[in-house]
Amino acid sequence: MHATVIPEQASRAISSDMPVVRTAALEIDDVSVSFPGRSGAVDALTGVSLDIACNQFVSIVGRSGCGKSTLLRVISNLIPATSGAVRINGLPSEDYQRKRKFGFVFQDASLFAWKTARQNIELPLEVLGIGSAGSRRARALELLSLVSLEGFADHYPAQLSGGMRQRVSIARALSYEPDIMLMDEPFGALDEFTRREMHDELIRIWRSRSLTVVFVTHSLSEALYLSDQIVVMAPRPGRVKAVVPVLHPREADPALRASAEYIRQTEELEALIHAQ
Ligand SMILES: Nc1ncnc2c1ncn2[C@@H]1O[C@H](COP(=O)(O)OP(=O)(O)OP(=O)(O)O)[C@@H](O)[C@H]1O
Ligand SMILES: [Mg+2]
């Protein structure tokens, strides 16, 4: 029994003047993950079922240890499910991984310090042997422009701010044209002002690339601002507690953050998380 069926039609958030491109639909079917622990197995996930439609932006929130990162790892086939299945457009997740259709962005930008911004973005393409040196370079420059970092191609990570580094890591994750972006607290280390800039940047990229995004965050306000749907998880054992549709239309309007509806939805999510 799935926790929710997210509507099949493409997201309302995509502006009407853009062609609707269907990317990936994710089916997470009764997935459980147990890790061996000193005092018995840890049930990181139990019976998680979710459907996520193409082009949706879905956030996952919940207390520390409720299995958010584990869920992203299972989706991207970095770890196997103990039971259950993940399918993307009807295919097993390992097939999708083989076709390099996932982009993963971690909490820390995890860039190579001795490589420039451009070289960091080119690296996955180089390792995978995609394109010529010239085409990889052109692609990296195009992606730097997408994340508003023209002019920083030759900067090393230490010469960039935290927000800039995170934008390089988003560009790197986009380098091999993923259908699905999996983002694990990507803006957790940023100050509130930079974080808000990154939100609008991410919405812009998401719209321009027709991505399906699964976004883990500890910030309810961030989840509300960015998402079509919010998955609330609970710990011990890690499970899905509720799937909450976000009521406001996403306009990337900063005034939304102070609206009564926004505050009401934040309180509703807080109550869900605290109710265990
Ligand atoms: N490789 C592992 N080996 C053993 N236990 C693990 C492993 N990875 C995660 N766990 C356990 O699984 C549970 C879920 O962990 P997970 O990292 O998915 O939580 P989370 O919701 O991402 O937490 P946080 O918000 O702190 O990042 C935790 O109890 C954790 O200790
Ligand atoms: Mg985590």
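Please treat every number below as a calculation from the coordinates, not as lab data. Every value quoted in this text rests on a predicted model; they were computed, and no experiment measured them. Note: ideal-geometry Cβ built from the backbone for every residue, glycine included; neighbour counts use all protein chains shown.
Close amide H partners of V213, meaning residues 5 or more places away or on another chain with modelled amide H under 5 Å apart, are Q56, F57, V58, M181. For region 118-276, the Stokes-Einstein estimate of translational diffusion at 10 °C and a viscosity of 1.306 mPa s comes to 92 µm²/s, using the Kirkwood hydrodynamic radius over alpha-carbon pairs. In the chain, the DSSP beta bridges split such that about 50 percent are antiparallel, to the nearest 5.
The string of couplings for region 159-169 from the Karplus curve (6.51, -1.76, 1.60, θ = phi - 60°) is 8, 10, 6, x, x, 5, 4, 5, 5, 5, 5 Hz, one whole number per residue in order, with x for Gly and Pro. Basic side chains Lys and Arg get +1 at the Cβ, acidic Asp and Glu get -1 at the Cβ, and with that the dipole of region 77-225 about its Cα centre reaches some 460 debye. Dividing the convex hull volume of the alpha carbon atoms of the chain by its residue count gives 142 Å³ per residue.
The angle between the Cα long axis of helix 133-146 and the longest principal axis of the Cα atoms of the chain comes to about 60 degrees, rounded to the nearest 10.
Between the helical axis of 117-127 and the longest alpha-carbon principal axis of the chain there is an angle of about 80 degrees. For region 80-88, the Karplus equation 6.51 cos²θ - 1.76 cosθ + 1.60, evaluated at θ = phi - 60°, returns couplings of x, 6, 5, 8, x, 9, 10, 10, 10 Hz by residue, with Gly and Pro reported as x. Summary of packing: across the peptides 65-74, 89-98, 223-232, the per-residue average of other C-beta atoms within 10 Å ranks them, highest first, as 223-232, 65-74, 89-98. Only lysine pairs 8 or more places apart, or on different chains, with alpha-carbon atoms under 25 angstrom apart are counted in the chain, and they number 4.
Counted by neighbouring Cβ atoms within 10 Å, the residues D191, D51 run from fewest to most as D191, D51.
Does anyone have the angle between helix 192-209 and the longest principal axis of the chain? Alpha-carbon axes, 0 to 90°, nearest 10? Result, in degrees: 80. Derived scalar couplings between HN and Hα for region 176-188 equal 9, 6, x, 8, 10, 10, 10, 10, 9, 6, x, 10, x Hz in order, rounded to whole Hz, by the Karplus curve 6.51 cos²θ - 1.76 cosθ + 1.60 (θ = phi - 60°), x for Gly and Pro. Think of each Lys and Arg Cβ as +1 and each Asp and Glu Cβ as -1; about the Cα centre, that makes the dipole of the chain roughly 620 debye.
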